[in-house]
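The values are calculated or read from the model by the stated rules, or taken from the named source; none is laboratory data. Please read these numbers as outputs of a predicted model, since none were measured by experiment. Don't worry about glycine lacking a Cβ; one is built from the backbone with ideal geometry, like all the others, and counts go over all protein chains shown.
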Amino acid sequence: MWIYEKKLQYPVNIQKPDPAMAKLIITQLGGSDGEKGASDRYLNQRYAMPYPEIRALLTDIGTEEMAHEEMIATMVYQLLKGCSAQQIKAANAADYYVDHTAGVYPQGANGMPYTTAYIQSKGDPITDLSEDLAAEQKARTTYENLMRLAKDPEVYGPLLFLRQREIVHFQRFGEALDFVRKDLDCRNFYRYNPAFDR
């Protein structure tokens, strides 16, 4: 179903280790508004989506979110690469180090491990697309918060790219929601789930 291209969607080449920034950025891998949750959400929602065009959109964006997971994981790895245990401790990241050394583990900046409780799939197009719009806005806000904290342009650039993709996804999900609403209105359905009710 997918073809894997062995390069990142946007180049990540961080030369200066920064374990404190790694501890923050990892939230976009496994945090409640991170890329792993986005990918899981969209790739699961597509099964109940009755509109082929929107099912394709969920597949496209869900797989792109996997590429974003890869970018974030690369950033975390590069920010930790070459750090000593003392540097990690000084950055208040010793708790992460004890469990994962410099490995990449999906969790939030607060240390909470990734859980599928972060995703929603209700099987109703309006509900799911509304959830997706909110998810993209929350991810955009998180990227903006990270960008305010990033001092290194090698960190800032990929964050800016990822923020821009959240905006594009928000726009596409808005168009999809408009499509569903118009379809339901033209058939005079007001209390109807097109993915379930016949």
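Among residues of segment 24-61 being touching a residue at least 40 places away in the same chain (Cβ under 8 Å), touching a helix residue (DSSP H, G or I) at 6+ places or on another chain (Cβ under 6 Å) and of a type in the set (Gly, Ala, Ser), the one that is nearest to residue 183 (Cα to Cα) is 38.
Yes/no per residue for (1) outside any helix (DSSP H, G or I); (2) surrounded by fewer than 17 Cβ atoms within 10 Å (Cβ to Cβ); (3) touching a strand residue (DSSP E or B) at 6+ places or on another chain (Cβ under 8 Å); (4) at pLDDT below 95:
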| position | (1), (2), (3), (4) |
| --- | --- |
| 88 | no, no, no, yes |
| 137 | no, yes, no, no |
| 170 | no, no, no, no |
| 182 | no, yes, no, yes |
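Could you check segment 57-86 and list, in sequence order, the residues that are over 15 Å from the mean Cα position of the chain (by Cα), surrounded by fewer than 18 Cβ atoms within 10 Å (Cβ to Cβ) and either over 28 Å from residue 98 (Cβ atoms) or hydrophobic (A, V, I, L, M, F, W, C) (or both)? Passing the criteria: only 85. Could you tell me how many of the residues in segment 50-69 are among the charged types (D, E, K, R) and within 13 Å of residue 169 (Cα to Cα)? Of the residues in segment 50-69, 3 are among the charged types (D, E, K, R) and within 13 Å of residue 169 (Cα to Cα).
Contact map, segment 63-78: first residue over 18 Å from residue 14 (Cβ atoms), second residue surrounded by fewer than 18 Cβ atoms within 10 Å (Cβ to Cβ), Cβ cut-off under 7 Å, separation 6 or more or different chains; pairs are 63/2. Applying a threshold of 7 Å to beta carbon distances and a minimum spacing of six or more residues, or different chains, the list of pairs starting in segment 133-158 at a residue that is in contact (Cβ under 8 Å) with a residue 40 or more places away in the chain and among the aromatic types (Phe, Trp, Tyr) and ending at one that is in a helix (DSSP H, G or I) and surrounded by fewer than 20 Cβ atoms within 10 Å (Cβ to Cβ) reads 143/163. Taken over segment 153-166, the criterion of being exposed (fewer than 14 other Cβ atoms within 10 Å of the Cβ) and of a type outside the set (S, T, N, Q) is satisfied by 153 alone.
Each residue in segment 12-33 was checked for being in a helix (DSSP H, G or I) and over 9 Å from the mean Cα position of the chain (by Cα), and 8 pass.
Taking residue 91 as the residue in question, decide whether it is in contact (Cβ under 8 Å) with a residue 12 or more places away in the chain, small (Gly, Ala, Ser) and within 24 Å of residue 133 (Cβ to Cβ). It is false that residue 91 is in contact (Cβ under 8 Å) with a residue 12 or more places away in the chain, small (Gly, Ala, Ser) and within 24 Å of residue 133 (Cβ to Cβ). Scanning segment 34-56 for residues that are surrounded by fewer than 19 Cβ atoms within 10 Å (Cβ to Cβ), assigned to a helix (DSSP H, G or I) and of a type outside the set (D, E, K, R) yields 43, 44, 47, 48, 52, 56.
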